[in-house]
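The values are calculated or read from the model by the stated rules, or taken from the named source; none is laboratory data. On a predicted model such as this, the values are computed, not experimentally measured, just so you know. Here the Cβ is made from the backbone with ideal geometry for all residues, glycine too, and neighbour counts use every protein chain on show.
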Amino acid sequence: MASLVGSRVERKEDKRFLTGKGRYTSDINIANQTYAIFIRSPHARAKIKKIDTSKALKSSGVVEILTGEHIAQDKIGGLIAGWAIRSEDGSEMKCPANPPLAKDSVNFVGDPVAVVFAETLDEARLAAELVKVDYKVLKAVSNLGEAMNSEAIHDGIDKNLCYDWLLGDRQKTKEAFDKADKIIKLDIVNNRLIPNAMEPRACVIDYNTASEEITCYTTSQNPHLSRLIMSAFGGVAPENKLRVVAPDVGGGFGSKINLYNEEIVCSWASKKIERPIKWVAERTESFLTDTHGRDHITHAELAVTNDGKFLGFKNETIANLGAYARVFGTVTPTYLFGPCATGVYIMPAAYSNVKAVYTNTAPVDAYRGAGRPEATYTIERIVDKAAMELGMDPIEIRMKNFPTEFPFKQTLVHQIDSGDYVAGLNKAKEMADYDGFAARKKESESKGKLRGIGVTSYFEACGIAPSPVVMMLGCGVGLWESAEVRFNPTGQVTVYTGSHSHGQSHQTTFAQIAADELGVPIENVDVVHGDTDKGTFGMGTYGSRSLTVGGIAIVNACKKIVNKGKRIAAKMLEASPDEVDFKNGEFVVAKSNKKKTIGEVAFASYLPGVRDEVKSPLPEGDEPGLIESSFFDPANFSFPAGSHICEVEIDPETGHVKLDKYTAVDDFGTIVNPLIVEGQVHGGLAQGIGQALYENAQYDDSGQLITASYMDYTMPRADDLPDFNLGFTCTKATTNPLGVKGCGEAGTIAATPTVMNAVINALGGKEISLPATAEKVWKACKEMKKSNAKAA
Amino acid sequence: MKTFNYHSAKDVKEASKLASSNSAFLAGGMTTIPSMKLGLASYKDIIDIKRIKKLSGIKVSGKTVTIGATTKHSEVASSKDVKKAIPSLAALAEGIGDPQVRNRGTIGGSIANNDPAADYPSACIALNATIHTNNRSIDAEKFFRGMFETCLKSTEVIEAIEFSIPEKSSYQKLPNPASRYAIIGVYVAKHKTGINVGVTGAKSCVYNDKDLAGALTKNFSSSAIDSVKISSSGMNSDIHASSDYRANMVKAFAKKAVDAC
């Protein structure tokens, strides 16, 4: 039987997704359900003086209206930051309370203050308009750069500073800078993004008045973790009385990692009103209240020699947390960002210093790439700037500073087990026809256009993560993953995974690896996820961890199945277990050439006896059944890497940037399904390109989100994108049995600097801020024309 | 959405009779319905005019193209007659919104709404359109009054728009990258009787740029536009484009339009 790992198996998910048969949270309806509408603060910062619900309570169809007072009375806990970060001076980070419904103050536009439950959605909406909230409006802190000099938003959090964190060695870095021939400096703003999952958040709550069990159907990337937080911190119900189900989920990109206010409030309220509850976000609510991404202000310096060797690197960043610190909010700009600051290069000395601050904006948390796009953008922009200032080719300067031996101890934290950065960049160079660029540039110029080329080499640390390491760094949970593999008596296999698929195609990829391990047809393997009542436990999906952590748990559980199968087969075949080989789904005894299929062994394991004789096929000590589970805790992160090259053509008359060619060469180790991996790269690139050219979440001075709809928030679209030219190199990860590395975030990490390097290259090195909108580029072209005219 | 009375009018007379200052005609509903859903607008009566057959259809005579008010953008875009008579008008229709919008949205709805960033008003200006209502015929230059404002009375129903077939014409637009409405759109049309340059998106209301038209009358080439000064005063300014950028883009897209004529 040919191996399924490596083959382009068509997605098992396609049929239901492409024919509209997916079952999403908002597709679920429970008899007698009520509809929830949240009343949200229209102000970015205000004190709540009074909430008057009297008129609204009399409105038609209203079942109940609850406020922050009720939450407080019932001692329902709030939302939490999942990682405790310590400042450089040793002090613990400062986090404000984040109650599910605000009681005393609101801190961003969209902060919920009350909720209406009514018989119909329209009745809930009409009643919500009658709830009168009396606010005392305060001056909002909406500008990240000024946040530390503004009035404190939260009591006791001086300068709005959550922490002032350091990674690396300031003294050693200073010494390296003292020896430099040249110091390259760069100031950048990493623009704020809104994740925009296609499916808005939603929850449907079903409270069983007899068993006192709450079932919460929700749009989550990690239902088990949501249950844990809702139970342990929210105090909504004990874990055994709380079931969280995340059915089909239409995209998350990090924004659905968090447990949100609405899930806690509706779960708690369902028990209180003894009615099922349905809540579905409107798109405006998604814009206002889904966690946002990025939003950094960075000053970076790179110390170089005249011949382009890197000596040291400094990264001083202010990161926006928004109004509250959420699950991955505090770790994204620290341990997911800082260690990657030095990129793929040998960097003798470096440090990353991050000040995370609160502002009156939506909470900022992990967004596809989480910290690594921001780090990669900084280093890859400054390396290009160094090449330009030194008169070097961007590929040459990168090659000069690549490590060539692995494992490679990266400057700030990571021990990178495997990679070949030289091979990746060479391949990208060839595929992109880098040497033909000059001719293409000339051709563009003959049409009055500008052409630029951009290069990025990246590595990232994903597949999060070894539990002892992350817990040492302040993580509140371990980041292992679990799996259970069950053979049923007639030979089909069900794989239960703690990972969660919201677009990642786990039902196909995981089935491929399980089918390979067990030697059964892929049609016989079903993958089940997303339900705390099914499967053991799980830490969910984010940080490109599903395959590298969750997938390995499946492999390990399958190996346990095979081991037990060997013992059973040995007894059935009258041999000893070490005489039994397992291959292509068959247990074979070489000396007698007798064999049993794994299906026959599974059948025997469930029906351990024969008629008219007391005889069990099971060896002594083995229990009936063929079910095994595994908890896999990785030994290290996984480190995908690659090089991307793109070309842009700019119309100087309008500033329009046309993305003309895009080549991506990535090393994801072993690739289980190239079709799915290519899809992941395509999607990742689109989002990275979106950040470079289009997307930009903007708040005004009063803290109003002025890009709160698709009329103003620019998403990348299919016609903005070229055909992607994808290539792969492969160095297998040495830290897991499949040799796999994560692939979900790479495109997003690499694309933004690649595109911006190309735009800035076309503009003759003129710096331009993210995103490179037509007007900004047009202005830069005009200035370029002026300075060229002067020079002439 | 607030509750309202729904009427389906069988003819224009009935539609007009049902109308009041607190009603809206419904054709494609591409603006009216979202506005109502978002709570930005509410009406006592919604008068559906989609079933009035005579309001839909395309007629070409020797000198003009007449398009019924409830004709959909997709119908204009794919009409062989329009493509032959005024190809730039078919191309404009093809560039409105997305397929869903083009399959619902109507020309009458677009011009009655007079969104400052809509495409069709620039065609009306450039192509010397006459707007025929149940009461009168109105020249395009007099029809568009200001932001979302026309000279239509609340009981007046647009029946058809009659465009003059030009010698040459082209519509070029810079779409808003998010909404794909026009940041600016420039419609250049050369008629025997003169040249019009309909500009949308730039100001609070569509207008005929007389300076550009004047320069092109002397010399119909994109180089003639170089010397025209376009002031940014009165131009719209938002997060996507400043007034200065818009003023410059009017010029850049006028040149593109002339080159494409």
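The residues in segment A:768-792 that are within 20 Å of B:ILE239 (Cα to Cα) and more than 12 Å from chain B (Cβ to nearest Cβ) can be counted, and the count is 4. Inclusion of A:SER482 among residues that are modelled with pLDDT under 95 and within 19 Å of A:GLY742 (Cα to Cα) is not warranted.
Residues satisfying the criterion are present in segment A:776-792 (criterion: surrounded by 21 or more Cβ atoms within 10 Å (Cβ to Cβ) and small (Gly, Ala, Ser)). Within segment A:26-42, take every residue that is touching a strand residue (DSSP E or B) at 6+ places or on another chain (Cβ under 6 Å) and closer than 14 Å to A:GLU285 by Cα and give me the one that is surrounded by the most Cβ atoms within 10 Å (Cβ to Cβ). My answer is A:ALA36. The condition of being within 14 Å of chain A (Cβ to nearest Cβ) and assigned to a loop (DSSP other than H, G, I, E, B) does not hold for B:ASN248. If you go through segment A:384-425 and keep only what is of a type in the set (Asp, Glu) and in contact with a Ser or Thr (Cβ under 9 Å, 6 or more places away or on another chain), you end up with A:ASP384, A:ASP417, A:ASP420.
Given the residues B:GLY194, B:GLY185, B:GLY234, which is the only one that is farther than 24 Å from A:GLY448 by Cβ, outside the structural domain of B:GLU149 (by TED's automatic domain parsing) and touching a residue at least 24 places away in the same chain (Cβ under 8 Å)? Outline the logic, then answer.
Numbers: B:GLY194 fails: touching a residue at least 24 places away in the same chain (Cβ under 8 Å); B:GLY185 fails: farther than 24 Å from A:GLY448 by Cβ.
Selected residue: B:GLY234, the only one of B:GLY194, B:GLY185, B:GLY234 that is farther than 24 Å from A:GLY448 by Cβ, outside the structural domain of B:GLU149 (by TED's automatic domain parsing) and touching a residue at least 24 places away in the same chain (Cβ under 8 Å).
Filtered by the rule that a residue be part of a loop (DSSP other than H, G, I, E, B), within 14 Å of another protein chain (Cβ to nearest Cβ) and crowded, with 22+ Cβ neighbours inside 10 Å, segment A:621-673 gives a lone residue, A:GLY655. Is at least one residue of segment A:723-741 surrounded by fewer than 24 Cβ atoms within 10 Å (Cβ to Cβ), part of a loop (DSSP other than H, G, I, E, B), of a type in the set (Gly, Ala, Ser) and not assigned by TED's automatic domain parsing to the domain that holds A:GLU285? Yes, segment A:723-741 contains a residue that is surrounded by fewer than 24 Cβ atoms within 10 Å (Cβ to Cβ), part of a loop (DSSP other than H, G, I, E, B), of a type in the set (Gly, Ala, Ser) and not assigned by TED's automatic domain parsing to the domain that holds A:GLU285. Taken as a whole, the structure leaves B:ILE158 outside the set of residues that are within 22 Å of B:LYS54 (Cα to Cα), away from every other protein chain (no Cβ under 14 Å), touching a Cys at 6+ places or on another chain (Cβ under 9 Å) and not basic (Lys, Arg). When the test is whether a residue is on the phi > 0 side of the Ramachandran plot and within 11 Å of another protein chain (Cβ to nearest Cβ), A:GLY690 does not pass it. When restricted to residues that are away from every other protein chain (no Cβ under 11 Å) and over 15 Å from A:THR752 (Cα atoms), segment A:700-721 contains 7.
Checking each residue in segment B:217-245 for being within 9 Å of chain A (Cβ to nearest Cβ) and either surrounded by 17 or more Cβ atoms within 10 Å (Cβ to Cβ) or not acidic (Asp, Glu) (or both) picks out B:ILE239, B:HIS240, B:ALA241, B:SER242, B:TYR245.
Among the residues of segment B:195-204, is any more than 22 Å from B:SER243 (Cβ to Cβ), away from every other protein chain (no Cβ under 14 Å) and in a loop (DSSP other than H, G, I, E, B)? First the steps, then the outcome.
First pass over segment B:195-204, keeping only residues more than 22 Å from B:SER243 (Cβ to Cβ): B:195-196.
Then drop every residue that is not away from every other protein chain (no Cβ under 14 Å), which leaves B:195-196.
From what's left, in a loop (DSSP other than H, G, I, E, B): none.
Checked against the condition, which is being more than 22 Å from B:SER243 (Cβ to Cβ), away from every other protein chain (no Cβ under 14 Å) and in a loop (DSSP other than H, G, I, E, B), segment B:195-204 yields no hits at all.
Residues in segment B:93-119 that are among the hydroxyl-bearing types (Ser, Thr, Tyr) and in contact with a strand residue (DSSP E or B) (Cβ under 8 Å, 6 or more places away or on another chain): B:THR106 only.
One line per residue, one yes/no per condition, for (1) part of a helix (DSSP H, G or I); (2) in contact with an Asp or Glu (Cβ under 6 Å, 6 or more places away or on another chain); (3) more than 18 Å from A:SER629 (Cα to Cα); (4) at pLDDT 95 or above:
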| residue | (1), (2), (3), (4) |
| --- | --- |
| A:GLU574 | no, no, yes, no |
| A:ASP581 | no, no, yes, yes |
| A:PHE587 | no, no, yes, yes |
| A:PHE603 | yes, no, yes, yes |
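Candidates in segment A:722-755 are the residues that are over 11 Å from A:THR456 (Cβ atoms) and of a type in the set (Val, Ile, Thr); of these, the one that is nearest to the chain's Cα centre (by Cα) is A:THR748.
Being more than 14 Å from every other protein chain (Cβ to nearest Cβ) and either part of a loop (DSSP other than H, G, I, E, B) or touching a Gly at 6+ places or on another chain (Cβ under 6 Å) (or both) is the filter here, so list the residues in segment B:170-194 that pass it. Working first, answer last.
In the first step, residues of segment B:170-194 are kept if they are more than 14 Å from every other protein chain (Cβ to nearest Cβ); the result is B:170-171, B:187-194.
The answer is B:TYR187, B:LYS192, B:THR193.
The C-beta contact set for segment A:101-123 (first residue more than 19 Å from A:ARG283 (Cα to Cα), second residue of a type in the set (Lys, Arg) and crowded, with 24+ Cβ neighbours inside 10 Å, distance under 8 angstrom, 6+ apart or interchain) comprises A:SER105/A:ARG45; A:VAL106/A:ARG45; A:ASN107/A:ARG45. Residues of segment B:115-174 that are free of Cβ contacts under 8 Å to residues at least 40 places away in the same chain, over 26 Å from B:ASP48 (Cα atoms) and among the basic types (Lys, Arg): B:LYS142 alone. Specify the residue that is surrounded by the fewest Cβ atoms within 10 Å (Cβ to Cβ); the eligible residues are those in segment A:211-241 that are of a type outside the set (S, T, N, Q) and closer than 11 Å to A:LYS271 by Cα. Restricting to residues being of a type outside the set (S, T, N, Q) and closer than 11 Å to A:LYS271 by Cα, the top hit is A:GLU212.
Condition check ((1) under 21 Å from B:ALA224 (Cα atoms); (2) at pLDDT below 95; (3) out of contact with any Asp or Glu (no Cβ under 9 Å at 6 or more places or on another chain); (4) among the aromatic types (Phe, Trp, Tyr)) across all residues:
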{"residue": "B:ARG136", "(1), (2), (3), (4)": "no, no, no, no"}
{"residue": "B:LYS142", "(1), (2), (3), (4)": "no, no, yes, no"}
{"residue": "B:THR155", "(1), (2), (3), (4)": "no, no, yes, no"}
{"residue": "B:GLU167", "(1), (2), (3), (4)": "yes, no, yes, no"}
{"residue": "B:ASN176", "(1), (2), (3), (4)": "no, no, no, no"}
{"residue": "B:ARG180", "(1), (2), (3), (4)": "no, yes, no, no"}
{"residue": "B:GLY198", "(1), (2), (3), (4)": "yes, no, no, no"}
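Condition (residue is surrounded by 12 or more Cβ atoms within 10 Å (Cβ to Cβ), within 14 Å of chain A (Cβ to nearest Cβ) and either touching a Cys at 6+ places or on another chain (Cβ under 9 Å) or on the phi < 0 side of the Ramachandran plot (or both)) applied to segment B:10-21: is it met by at least one residue? So far as segment B:10-21 goes, no, none of its residues is surrounded by 12 or more Cβ atoms within 10 Å (Cβ to Cβ), within 14 Å of chain A (Cβ to nearest Cβ) and either touching a Cys at 6+ places or on another chain (Cβ under 9 Å) or on the phi < 0 side of the Ramachandran plot (or both).
Taken as a whole, the structure places B:ILE46 among residues that are surrounded by fewer than 23 Cβ atoms within 10 Å (Cβ to Cβ) and touching a Leu at 6+ places or on another chain (Cβ under 8 Å). Contact map, segment A:513-524: residues that are buried (at least 23 other Cβ atoms within 10 Å of the Cβ) paired with residues that are among the aromatic types (Phe, Trp, Tyr), Cβ distance under 7 Å, separation 6+ or inter-chain. No pairs are found.
From the list A:ALA147, A:ALA128, pick out the single residue that is part of a helix (DSSP H, G or I), surrounded by 21 or more Cβ atoms within 10 Å (Cβ to Cβ) and within 14 Å of chain B (Cβ to nearest Cβ). I'd like the intermediate steps shown before the answer.
On the way: A:ALA147 fails: within 14 Å of chain B (Cβ to nearest Cβ).
So the residue among A:ALA147, A:ALA128 that is part of a helix (DSSP H, G or I), surrounded by 21 or more Cβ atoms within 10 Å (Cβ to Cβ) and within 14 Å of chain B (Cβ to nearest Cβ) is A:ALA128.
Residues of segment A:60-92 that are surrounded by fewer than 19 Cβ atoms within 10 Å (Cβ to Cβ) and touching an Asp or Glu at 6+ places or on another chain (Cβ under 9 Å): A:SER60, A:GLY61, A:ALA84, A:ARG86, A:SER87, A:GLU88, A:ASP89, A:SER91.
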